[in-house]
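Undergrad: For reference, the structure I am asking about is given below.
Here, each number is a calculation from the coordinates, and none is a lab measurement. Nothing here was measured: the structure is a model prediction, and the numbers come from that model. Note: ideal-geometry Cβ built from the backbone for every residue, glycine included; neighbour counts use all protein chains shown.
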Amino acid sequence: MASQIPALPQSITPRTGSVFSDQSGFYALDSNVPGLSKLILSKLNMKDYGEYRAAVQEKPKGVTFRNYKEMFQKMEDTFKFCTGCNKIPEHLSEQQTLKRCVKCLNVYYCSKDCQRKDWPQHKKACTTLRLVAIDRLVEWLMFTGDLPFPTEKWSKSPDEVKSWNDWMPMQANLTAHLSTILSGTNMATLWKNAVRPQPNEADLRGSLWRIQSEFLSRVLTVGMAIRRFGLDPYAKPLTIHLAGASHNETMGARLTDYDELNNMFPKHQGIEIVMVGPEVVDGPIMRPPLVAFGPKERVYISAFKGLYHQFWEAVEEKKDAAKPDLVVGFHPGFHANPGLLEGWLPTLLLLRDFNIPSLFTMYSEMELKCSLEILLELEVHVRDSGPNPFTSQKPEQVQSCPNKAPVYCNSHFIRFQGLLPCEDLEGSVPTASSSSSSL
Ligand SMILES: [Zn+2]
Ligand SMILES: [Zn+2]
């Protein structure tokens, strides 16, 4: 039975506002909720972060569950601690049990007292956390293949599609696709085994869309970067590098994941996506990058496991891969700590000195501001920045601080290229608000 259970739901992967993907980040969960990192590991029958990482990368050998009920139960258990006093189950007295907030079915409390004291903070987050609790179960349908659902050929030119509001009307079959998933067997299996009642249909449709939007947000952000840099996929094949591709991005990645670019630029000359990052997960995309001329009218995905500047030394400098026309980084997070910045520094300087059109995304306006400061210190020429019109619609809960304002994948972006011109060094410094000059 265990071997038939689709892989570990992504929601188990600990993610926070400033998303970490390394050991120090994982254990930082404990600074808010002492013992939370251990709790997660014990629920997944693992001894340390290394084993957790190995299990995530080499599914399904590491994590096995006897049945779906156990899988959903253990997943939910990783969210079980008192939101008031941060106690985890093993720190409770014998009379105490953790009870869930009945409104959101997301956060837990050890006592009425803790719940009452936390309410002024929690009431601001409760409505959104209700959606998050649904999403973290429905997200499992990404692993069963129900999501993402197919999308349509674009009926408008890319220049006319400036946001989700322009994209949505082109999806004539959206309702039908959602209905198919809603009545599918995996949806039924999910709610038969989940540790909570099934939400109503409108809630489930909303959730399916939010999860799909997170997936599409990455492709449409790449499309936006192509458009804003004035790159022309009809004039020549384009090579696009995704620097710092994470395990979340590459786990379960399929060769068709960027096909929305075919809908966006029908009959293009060929687009190659190269995912590069130390956490790239093995799978069908793990194949060498193209040296030149990708297959016309198709998106070709390849991957390299390593830091971006290492990829450059090992592959680009030996001319074993085409030079990038564009480099995109989803949530590089180099502002988060000196260690991460150190890892990114050679890449940032490389992008600057080779004058490569680049676009990075962030989880929040605060991250945007911090990242801008670093890029300006490096005298990188920032072309524009601000809220991303193709931000994910799915709120992300900060696992160890549920009442914190949720963040959204790719909610903000910075577009930059080359070295800051001398005359710009004084005076007109671009800021977070000098945004969205559309080409
Ligand atoms: Zn408590
Ligand atoms: Zn609540």
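Undergrad: Output ³J(HN,Hα) for segment 221-226: one whole-Hz value per residue in order, computed from phi by the Karplus curve 6.51 cos²θ - 1.76 cosθ + 1.60 with θ = phi - 60°, and x for Gly and Pro.
TA: With the stated coefficients, segment 221-226 comes to 5, 4, x, 5, 5, 4 Hz.
Undergrad: What distance in nm separates the simple spin-label points at Thr185 and Leu341, each placed 7 Å from Cα in the Cβ direction?
TA: 5.4 nm
Undergrad: So for the pair Ala176, Phe354, with labels modelled 7 Å out along Cα→Cβ, what separation do we get in nm?
TA: 4.4 nm
Undergrad: Which one, Pro148, Val132, Thr175, projects farthest toward the positive side of the charge dipole computed for segment 67-197 from Cβ point charges (K/R +1, D/E -1)?
TA: Highest projection toward the positive end goes to Val132.
Undergrad: Per q in 0.18 1/Å, what log10 I(q)/I(0) does a Debye calculation on the alpha-carbon atoms of segment 211-321 return?
TA: Log-scaled intensity ratios, in q order: -0.90.
Undergrad: Using R₀ = 35 Å, calculate the FRET efficiency as 1/(1 + (r/R₀)^6) where r is the Cβ-Cβ separation of Glu90 and Cys370; round to 0.05.
TA: Numbers: r = 36 Å, r/R0 = 1.03.
According to the calculation, E is roughly 0.45.
Undergrad: To the nearest 0.05, how large is the calculated FRET efficiency for Glu152 and Ala235 if R₀ is 35 Å and r is the Cβ-Cβ distance? Could you put the intermediate results ahead of the total?
TA: Working: r = 25 Å, r/R0 = 0.72.
After rounding to 0.05, the efficiency reads 0.90.
Undergrad: If packing is taken as the mean number of other Cβ atoms within 10 Å per residue, what is the order of 110-116, 324-330, highest first? Don't skip to the end; give the middle numbers.
TA: Values: 110-116: 15.7, 324-330: 23.7.
Descending packing order for the listed peptides: 324-330, 110-116.
Undergrad: Which of the GluC sites (Glu not before Pro) found in segment 281-336 are loop residues per DSSP with 15 or fewer other Cβ atoms within 10 Å of their Cβ? Kindly include the intermediate steps, with their values, before the conclusion.
TA: Details: sites: Glu297, Glu313, Glu316, Glu317; in loops: Glu297, Glu317.
Taking segment 281-336 and a limit of 15 other Cβ atoms within 10 Å, the loop GluC sites (Glu not before Pro) found are Glu297, Glu317.
Undergrad: Quick one: Cα centre-to-centre distance for segment 349-402 and segment 84-104, in angstrom?
TA: Rounded to whole Å, the Cα centres lie 37 Å apart.
Undergrad: Lys267 to Val291: FRET efficiency via 1/(1 + (r/R0)^6), r the Cβ-Cβ distance, R0 22 Å, to the nearest 0.05?
TA: Numbers: r = 23 Å, r/R0 = 1.05.
Once the sixth-power term is evaluated, E becomes 0.45.
Undergrad: If you keep only loop residues by DSSP, which trypsin sites (Lys or Arg not before Pro) in segment 308-416 have at most 12 other Cβ atoms within 10 Å of their Cβ?
TA: Values: sites: Lys318, Lys319, Arg352, Lys369, Arg383, Lys404, Arg415; in loops: Lys318, Lys319, Lys404.
For trypsin sites (Lys or Arg not before Pro) across segment 308-416 that sit outside H, G, I, E and B with at most 12 neighbouring Cβ atoms in 10 Å, the list reads Lys318, Lys319.
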